[in-house]
Amino acid sequence: MKRIILHADMDAFFAAVEQNDNPLYKNKPVIIGSDPKMGKGRGVVSTASYEARKFGVHSGMPISTAFKKCPNGIFIKPNMKRYVQISKVIFSIFNTFSPLVEGLSIDEAFIDCTGCKALFGSPTEIALKIKKKIYDETKLTVSIGIAGNKSIAKILSELQKPDGLTICPEGEEKDFIKNLDISYLWGAGKKTIEILNQMGFSKIDDISSKTIQEMSHLLGKNGEHLWKMANGIDDRRVVEYDSQAKSISKEITFDVDTSDTKQIKHFINILSDKVSRKIRKNKIFAKTISIKLRYQNFETITRSYTFMNFINDYIRIRDKCEELFLQNYDNSKKIRLIGVSLTNFSFSDKEYNQLDLFDMNQSSYIINNSSIDHILDDMKTKYGCKINRGSLLKF
Ligand SMILES: [Mg+2]
C-alpha cells in the first residue's frame, strides 16, 4: 500500500462510557440524549447503546420516538466532561502510533501510518495494537478501517462494528465497496441520498458505473466528488489537526520587558506569520483573530476582531493584529508577553479567498499576497525556516 490510512471510530462511544462507569447499565439499553419527559421531550438521541439499537433506537432520532420504541431504556443526559476526558486518553494512544492524527470528532480519527511499519508492524498488526491499547486503558472497543485512502478507510470502519477491523487490499477499493448502499459514501448527506434514490441510485456501483461527466451533469461538483468516492479515488491528506482544538495560537515572552512599539510590532509580524502558516498547512480558515497583551505587572488583556469572511492570509492577520495592538496598548506600561490567536474555524480543501465587501480596493493586494504566502509555505517546507518575508527580518 502506498499510503496506509486507518480510520478509528469508537463504538457507541457515549453510551459505552456510561456503561463502563455504571455497572448497573451493562448489557442494558442505554440512550444518551435530552430528557425524554415520558415521550413528550424535545431534542434528539445523541448515542444509543447496541442493546438500545435492537429496539430501533439510533442517534439523531427524536428523543420522543426513542421513548416510544424503548420505554424501559435508561435515558441519560450527556456528560461531556467525562467523554472529553476519555477522548484525550484515546487520542494520546493514536498519537503514540503516528504523529499524523486527524480528529474528526470526539471519538473518531484518521491515523496516517504510512512509514510506521518498521516500528509497529503490518497495517493489521498496528490496528490490533491500537485496539488492544485502547481496551487495556479504557475498557472500550473501537472499530478500525484500513485502506490506502481516507474515504475507503472511513467506510471500512463502519462495516464490522462493534470491535471491527476491516482492511482493503490496494487496488481493490472500487470492488470492495461497490455493493454497499450509497449512504456509506463519505460526503453523501441525507438530502443527496434522497435525490440519488429518486434518480434510481441505490448501490455505490450505480454511481461508479456512470462517467464522471454524467454525475457532474446530475449533481454538479458534488456529483464529481461522489463519483470519485464511489470509484475509490481520494487523495486528500491526513492533516494533523485536532478538530477539538478551538483555537490556534502563538505567543512570545520577551527576554526583557519592553515598550518599544517597533519591537513589539516586529513580534506581531512573526506571530501572525506563524499562526497563518499553521492554519494554511491544515487547510483551515479562521474568522476571528485575537491579540493578548500581558503587562509587566501581569495584568493581561485580550482583544478580538471578527472578519466578515473566513481568511488565512498573513497580511490581513498581521494588519488586524497591529491595529488591535495600537488601539489597545497602554504605552505607559511595559509589555512582558504578546500572543496572537485564531478561532472560529472553517475547514476546506478549496481556497476561499473571499474578500470583505468593503475591501474591494484591497483585492488585488490581498490576492497577490496570498500567492506569496503559498510560495513561501512551499519554500519553507523545502528549505527550512530560513526563508522569510523581508518584513520579518528586522525591526
Ligand atoms: Mg463512534
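The values are calculated or read from the model by the stated rules, or taken from the named source; none is laboratory data. Predicted, not measured: the structure shown is a model, and the values here were computed from it. In this analysis, Cβ positions are derived from the backbone assuming ideal geometry, glycine residues included, and neighbour counts consider all displayed protein chains. Ligands, DNA and RNA are excluded from the accessible area calculation, which covers all protein heavy atoms including side chains. Shrake-Rupley method; radii C 1.70, N 1.55, O 1.52, S 1.80 Å.
Mean shadow of segment 103-226, computed from the convex hull of its alpha carbons, in nm²? Don't jump to the answer; show the numbers that get you there.
Details: hull surface 34.7 nm².
So the mean shadow area of the Cα hull is 8.7 nm².
Accessible area per residue for the chain in Å², computed with a 1.4 Å probe and the full protein assembly in place, what is it?
Numbers: 20300 Å² over 395 residues.
Computed with neighbouring chains in place, this is 51 Å² per residue.
If you line up the long axis of helix 123-138 against the longest principal axis of the chain, both from Cα atoms, how many degrees apart are they, to the nearest 10?
90
Run the 1.4 Å probe and let me know the accessible area of GLU214, rounded to the nearest 10 Å².
Rounded to the nearest 10, that gives 80 Å².
If amide H atoms are built 1.01 Å from N in the plane of the peptide, which residues on other chains or at least 5 residues away come under 5 Å of the amide H of THR114?
Here the answer is ILE4, since their amide H atoms fall under 5 Å of that of THR114.
Taking the Cα centre of segment 79-126 as origin, work out the dipole magnitude from +1 charges on Lys and Arg Cβ and -1 charges on Asp and Glu Cβ, in debye rounded to 20. All intermediate terms of the calculation are to be shown ahead of the outcome.
On the way: 4 positive and 5 negative charges, 51 e Å.
In total the dipole reaches around 240 debye.
Using +1 at the Cβ of each Lys and Arg and -1 at the Cβ of each Asp and Glu in the chain, identify which of ILE338, SER247, ILE207 lies farthest towards the dipole's positive end.
Going by the Cα projections, it comes out as ILE338.
Taking θ = phi - 60°, what integer Hz values does the Karplus form 6.51 cos²θ - 1.76 cosθ + 1.60 yield along segment 68-78, in sequence order, with x for Gly and Pro?
5, 6, 9, x, 9, x, 8, 9, 10, 6, x
For segment 26-145, build the charge dipole from Cβ charges (+1 Lys, Arg; -1 Asp, Glu) around the Cα centre, then report which of PRO62, PHE120, MET80 sits farthest towards its positive end.
PRO62
With charges only on Cβ, +1 for K and R and -1 for D and E, what is the dipole size of the chain about its Cα centre, in debye, rounded to 20?
Numbers: 60 positive and 47 negative charges, 166 e Å.
The calculation lands at about 800 debye.
Just to verify a number: what accessible area does ARG237 come out at with the full protein assembly present, 1.4 Å probe, Å² rounded to tens?
My reading of the accessible area for ARG237 is about 120 Å².
Please determine, in degrees from 0 to 90 and to the nearest 10, the orientation of helix 314-328 with respect to the longest principal axis defined by the Cα atoms of the chain, where the helix direction is its Cα long axis.
60
Could you give each residue of segment 84-101 its phi-based ³J(HN,Hα) in whole Hz, using Karplus coefficients 6.51, -1.76, 1.60 with θ = phi - 60°, and x for Gly or Pro?
Taking θ as phi minus 60°, the curve returns 5, 4, 5, 4, 4, 4, 5, 5, 5, 5, 3, 5, 6, 9, 7, x, 9, 10 Hz for segment 84-101.
Mind grabbing the accessible area of HIS7 for me, 1.4 Å probe, Å², rounded to tens?
0
Which Cα, out of HIS217, GLY232, LEU271, lies furthest along the positive dipole direction of segment 208-313 (beta carbon charges, K/R +1, D/E -1)?
My answer, from the dipole projection, is HIS217.
Could you work out what % of the accessible surface of the chain is carbon and sulfur, using a 1.4 angstrom probe and leaving DNA, RNA and ligands out of the count?
On the way: 10560 of 20300 Å².
Carbon with sulfur: 52 percent of the solvent-accessible area.
Give me the one-decimal Kirkwood hydrodynamic radius in Å for segment 157-224, with the sum taken over alpha-carbon pairs. Please report the intermediate quantities before stating the final value.
Details: mean 1/r = 0.0767 Å⁻¹.
Kirkwood radius, segment 157-224: 13.0 Å.
Which ³J(HN,Hα) values in Hz, rounded to whole numbers, follow from the phi angles of segment 195-205 under the Karplus curve 6.51 cos²θ - 1.76 cosθ + 1.60, where θ = phi - 60° and Gly and Pro get x?
4, 4, 4, 4, 7, x, 8, 10, 9, 4, 4
In percent, how large is the relative contact order of the chain, given Cα pairs closer than 8 Å and 6 or more residues apart?
On the way: 694 pairs, mean separation 51.2, N = 395.
About 13 percent, as a whole number.
As a test of the definition: which semi-axes, in Å, follow for the chain when you take the square root of five times each eigenvalue of its alpha carbon gyration tensor? Largest first, please. Intermediate results must be reported in sequence, preceding the final value.
Details: eigenvalues 355, 154, 102 Å².
Equivalent ellipsoid of the chain: 42, 28, 23 Å, largest first.
Can you give the Rg to Rh ratio of segment 1-133, both from alpha-carbon atoms, with Rh computed by the Kirkwood formula?
In segment 1-133, Rg relative to Rh is 1.08.
Mind jotting down the distance between the C-alpha centroids of segment 1-51 and segment 64-110, whole Å?
About 8 Å separates the Cα centre of segment 64-110 from the one of segment 1-51.
If I fit a long axis through the Cα atoms of helix 150-159 and take the longest principal axis of the Cα atoms of the chain, what angle between them do I get, 0 to 90°, rounded to 10?
For helix 150-159, the angle is close to 30 degrees.
Once you list every other residue whose beta carbon is under 9 Å from the beta carbon of PRO29, what net charge do they have if Lys and Arg are +1 and Asp and Glu are -1? Working shown, then result.
Working: positive: LYS28, ARG53, LYS54; negative: GLU51.
Net local charge, PRO29 excluded: +2.
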